[in-house]
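The values are calculated or read from the model by the stated rules, or taken from the named source; none is laboratory data. On a predicted model such as this, the values are computed, not experimentally measured, just so you know. Glycine gets a Cβ as well: all are built from the backbone with ideal geometry, and neighbour counts include every protein chain shown. With ligands, DNA and RNA removed, areas are computed over all heavy atoms of the protein, side chains included. Shrake-Rupley method; radii C 1.70, N 1.55, O 1.52, S 1.80 Å.
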Amino acid sequence: MSRRVALAATILAVVLALASVGLLLAGRHFVAGTLLTFVAFSIYVREINTP
């Protein structure tokens, strides 16, 4: 189960990071910064659930 959680968190982090870059390029800096917070949380979840 923790392996699936780690995989899901990795995918979520990648998707959020790409969306954040896109928003930065679009000039939506506040929203991009908020998404980067969620990227950091996804990486944390991934690290605590990696076997």
Practice prompt. Compute the distance in nm between two label points, each set 7 Å from the Cα along the Cα-to-Cβ direction, one at Ala17 and one at Ile48.
Written response: 2.1 nm
Worksheet item: Given that just one value was derived from the coordinates, which of (i) -0.61, -0.67, -0.99; (ii) -0.36, -0.44, -0.98; (iii) -0.45, -0.56, -1.11 is log10 I(q)/I(0) by the Debye sum over Cα atoms at q = 0.14, 0.16, 0.30 Å⁻¹?
Response: (ii)
Fill in: Solvent-accessible area of Ile48 with every protein chain in place, 1.4 Å probe, in Å² to the nearest 10
100 Å²
Worksheet item: Expressed as an acute angle from 0 to 90° and rounded to the nearest 10, what is the orientation of the C-alpha long axis of helix 2-26 relative to the principal long axis of the chain?
Response: 10 degrees
Worksheet item: Counting alpha carbon pairs within less than 8 Å and at least 6 residues apart, what relative contact order, in whole percent, applies to the chain?
Response: 55 percent
Discussion item. Between helix 29-48 and the chain, what is the angle of the helix's C-alpha long axis to the longest principal axis, kept within 0 to 90° and rounded to the nearest 10?
Written reply: 10 degrees
